[in-house]
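Notes to accompany the following structure.
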Amino acid sequence: MSHKYRGTGVALVTPFAADGSVDFDALTKVVNHTIDGGVNFLVALGTTAETPTLSVSEKAEVLAHIVKANDGRVPVVCGVGGNNTTEVVRQLKENDLSGVDGILTVVPYYNKPTQEGMYQHFKTIAEATDKDIILYNVPGRTVANMLPETTLRLANEFKHIVAVKEASGNMGQCMDLVQGKPDHFAVLSGDDDLVLPQVASGMDGVISVAANCFTKDFTGMVNASLDADLNTARSLHYKLLQGIRLLFAEGNPAGVKCVLDEMGVCGAGVRLPLVAASADLRAKIKGYMANL
């Protein structure tokens, strides 16, 4: 399959300086580090970016900086989602998305819509933009699971709905998506620890947290999986598995920012209500990295 979003997308962190402001120099380092490590596309302003804690002006500045730092090297996707359909449409029409290839838009959270409500929400979004659309199903955060029949209904109706980031962790649901998808549509993982079996079942790649820090090994594992080189993919999967679990041990992105801090790429600071990795988790991360 030839697809713009096949392979590894990285859900970029937003680095913060010691005073809590956005650290744009470190953001440039993160962009270069991930592209140099082999990612296929960048995802700005997703969950890992701590987007709910960014002001409207900060979101615009972060997106513009990522687009500039990328300099056309790989596609850029921007998170534009929410649980107020009218507000999402307003953002699509009023925000500067000129440097963006596509949007990542999440299943509405908190409201707990029905499957028909999810369909109507995304139908309204699709009618409001001609950008590529990647749907984002993450029931662990939204408490609402978009079923494969709803996802496939949207994919078949709108050619610019080009992918789903499926983070249900439900392998049966993932396989239903793979089996039923139209040719233009990619099924991407949202679970870093499941990418190997998911790609083996026919999925097209991942939008990853781990690709921020374990970039070369992680993209190598995804590429080997896509090439059906399962011996290489399996070796890298088990090399990374403990590290991936540590990234999420105290929530995202506290773990990945701790690793990036140890690597000297960006600081470990996060914004409330999140808190930085504990001393115990940092010690475990340092021990894991020492053995890589």
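Going residue by residue through region 108-122, is there one that turns out to be surrounded by 23 or more Cβ atoms within 10 Å (Cβ to Cβ) and either part of a strand (DSSP E or B) or in contact with a Lys or Arg (Cβ under 9 Å, 6 or more places away or on another chain) (or both)?
No, region 108-122 has no match at all.
Given the structure, is LYS4 of a type in the set (D, E, K, R), in a helix (DSSP H, G or I) and surrounded by fewer than 23 Cβ atoms within 10 Å (Cβ to Cβ)?
No: the conditions fail for LYS4.
Out of the residues in region 123-156 that are without any contact (Cβ under 8 Å) to a residue 60 or more places away in the chain, among the hydrophobic types (A, V, I, L, M, F, W, C) and part of a loop (DSSP other than H, G, I, E, B), state the one that is nearest to MET175 (Cα to Cα).
Among residues in region 123-156 that are without any contact (Cβ under 8 Å) to a residue 60 or more places away in the chain, among the hydrophobic types (A, V, I, L, M, F, W, C) and part of a loop (DSSP other than H, G, I, E, B), the one nearest to MET175 (Cα to Cα) is LEU147.
What number of residues within region 129-156 are surrounded by fewer than 17 Cβ atoms within 10 Å (Cβ to Cβ) and hydrophobic (A, V, I, L, M, F, W, C)?
Of the residues in that region, 2 qualify.
Name the residue that is surrounded by the fewest Cβ atoms within 10 Å (Cβ to Cβ), counting only residues in region 90-107 that are in contact with a helix residue (DSSP H, G or I) (Cβ under 8 Å, 6 or more places away or on another chain) and not in a loop (DSSP other than H, G, I, E, B).
In this case the residue turns out to be LYS93.
Output yes when any residue across region 120-136 is among the hydroxyl-bearing types (Ser, Thr, Tyr), modelled with pLDDT of 95 or more and more than 26 Å from SER98 (Cα to Cα), and no when none is. I'd like the intermediate steps shown before the answer.
Filtering region 120-136 for residues among the hydroxyl-bearing types (Ser, Thr, Tyr) gives 124, 129, 136.
Right, trim to modelled with pLDDT of 95 or more and you get 124, 129, 136.
Remaining after also requiring more than 26 Å from SER98 (Cα to Cα): none.
Checked region 120-136: no residue is among the hydroxyl-bearing types (Ser, Thr, Tyr), modelled with pLDDT of 95 or more and more than 26 Å from SER98 (Cα to Cα).
Go through region 13-27 and report how many residues are farther than 20 Å from VAL80 by Cα, part of a helix (DSSP H, G or I) and in contact (Cβ under 8 Å) with a residue 40 or more places away in the chain.
Filtering region 13-27 down to residues farther than 20 Å from VAL80 by Cα leaves 16-21, 23-26.
Imposing the further condition that a residue be part of a helix (DSSP H, G or I) reduces the set to 24-26.
Checking the rest, the ones that are also in contact (Cβ under 8 Å) with a residue 40 or more places away in the chain come to 24, 26.
So the answer is 2.
Test ALA268 against the stated conditions and say whether it is aliphatic (A, V, I, L, M), in a loop (DSSP other than H, G, I, E, B) and out of contact with any Cys (no Cβ under 7 Å at 6 or more places or on another chain).
Numbers: aliphatic (A, V, I, L, M): yes; in a loop (DSSP other than H, G, I, E, B): yes; out of contact with any Cys (no Cβ under 7 Å at 6 or more places or on another chain): no.
For ALA268, the condition - aliphatic (A, V, I, L, M), in a loop (DSSP other than H, G, I, E, B) and out of contact with any Cys (no Cβ under 7 Å at 6 or more places or on another chain) - is not met.
Among the residues of region 220-235, write down those that are surrounded by fewer than 24 Cβ atoms within 10 Å (Cβ to Cβ) and part of a helix (DSSP H, G or I).
Of region 220-235, the ones surrounded by fewer than 24 Cβ atoms within 10 Å (Cβ to Cβ) are 220, 223-224, 226-235.
Within region 220-235, GLY220, ASN223, ALA224, LEU226, LEU230, ASN231, THR232, ALA233, ARG234, SER235 meet the criteria.
Quick grid of which residues meet (1) within 21 Å of GLY46 (Cβ to Cβ); (2) without any contact (Cβ under 8 Å) to a residue 40 or more places away in the chain; (3) surrounded by fewer than 20 Cβ atoms within 10 Å (Cβ to Cβ); (4) within 18 Å of the chain's Cα centre (by Cα):
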| residue | (1), (2), (3), (4) |
| --- | --- |
| PRO253 | yes, no, no, yes |
| VAL256 | yes, no, no, yes |
| LEU260 | yes, no, no, yes |
| GLY264 | no, yes, yes, no |
| ALA268 | yes, yes, yes, no |
| VAL275 | yes, yes, yes, no |
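I'd like the residue in region 28-51 that is in contact with a strand residue (DSSP E or B) (Cβ under 8 Å, 6 or more places away or on another chain) and part of a helix (DSSP H, G or I) and, out of all such residues, is nearest to LEU104 (Cα to Cα). Steps first, please.
Let us first name the residues in region 28-51 that are in contact with a strand residue (DSSP E or B) (Cβ under 8 Å, 6 or more places away or on another chain), namely 31, 34-35, 38-49, 51.
Cutting the leftovers down to part of a helix (DSSP H, G or I) gives us 31, 34-35, 47-49, 51.
Working: VAL31: 18, THR34: 19, ILE35: 19, THR47: 11, THR48: 13, ALA49: 13, THR51: 13 Å.
Among them, the one singled out is THR47.
Looking at GLU87, GLU166 in this structure, which one is farther than 24 Å from PHE41 by Cα and acidic (Asp, Glu)?
On the way: GLU166 fails: farther than 24 Å from PHE41 by Cα.
None of the others qualify; the one that does is GLU87.
The values are calculated or read from the model by the stated rules, or taken from the named source; none is laboratory data. All of these numbers come straight from a predicted model, not from anything done at the bench. Positions of Cβ are backbone-derived with ideal geometry, glycine not excepted, and every protein chain shown enters the neighbour counts.
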